[in-house]
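Take a look at the structure below.
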Amino acid sequence: MKAVQMLWVNLIMDTFASLALATEPPTESLLKRRPYGRNKPLISRTMMKNILGHAVYQLTVIFFLVFAGEKFFDIDSGRKAPLHSPPSQHYTIIFNTFVLMQLFNEINSRKIHGERNVFAGIFR
């Protein structure tokens with residue numbers, strides 16, 4: 001990855017996620033929920049399933065694009081380009097796909113207690 005792409009990844013992974021967590025006001029149901037015990041795990045079983053499921057999904061899509069994307073989109077392969085060559089369409093597609101998957105993952109990660117509507121309260 002180039003330096004600009006690494007900056008985008010850092011922005012998406014750190015800044016947007018922390019802003020999403022810090023700016024969302026608590027709901028009435030969240031305020032009425034009993035606190036978790038001291039010995040309860042930090043990452044629940046549902047969170048672990050979501051993390052592992054999304055990791056498998058992202059790795060599958062990215063590996064498909066890296067190794068078969070040039071054939072699928074009928075473009076030149078970026079894997080065979082020299083080290084300091086200009087950015088290829090192939091790696092641009094891979095990077096943009098990664099960014100969009102991360103943005104959608106941040107939206108999906110808002111609800112972790114069995115709620116199905118991830119868009120509920122998104123504009124508050």
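The values are calculated or read from the model by the stated rules, or taken from the named source; none is laboratory data. Quick caveat, the model's predicted, so the values are computed rather than measured. Cβ coordinates were reconstructed from backbone atoms using ideal geometry, including for glycine residues, and neighbour counts include every protein chain displayed. Quick note on the areas: whole protein, heavy atoms, side chains included, nothing else; ligands and nucleic acids left out. Shrake-Rupley method; radii C 1.70, N 1.55, O 1.52, S 1.80 Å.
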| query | Ignoring any ligand, DNA or RNA, what whole percent of the accessible area of region 44-114 comes from carbon and sulfur when the probe is 1.4 angstrom? | reply | 67 percent
| said: Mean-square fluctuation check for the chain, GNM, Cα pairs under 10 Å: which of L30, L59, L100 is largest? | reply: L30
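When N counts the residues of the chain, how does its alpha-carbon radius of gyration compare numerically with 2.2 N^0.38 Å, as a ratio?
Numbers: Rg = 18.7 Å, N = 124, 2.2 N^0.38 = 13.7 Å.
The chain yields a ratio of 1.36.
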| message | Taking every alpha carbon pair in region 44-114, what does the distance histogram look like in 10 angstrom bins from 0, in percent? | response | 18, 40, 24, 14, 3
| task | Heavy atoms only, probe 1.4 angstrom, no DNA, RNA or ligands counted: give me H113, H84 ranked by accessible area, highest first. | result | H84, H113
| task | Skip the ligands, DNA and RNA, and give the accessible area per residue of the chain with a 1.4 Å probe, whole Å². | result | 81 Å²
| field | Unit charges on C-beta of K, R, D, E only; dipole of the chain, Debye | value | 720 debye
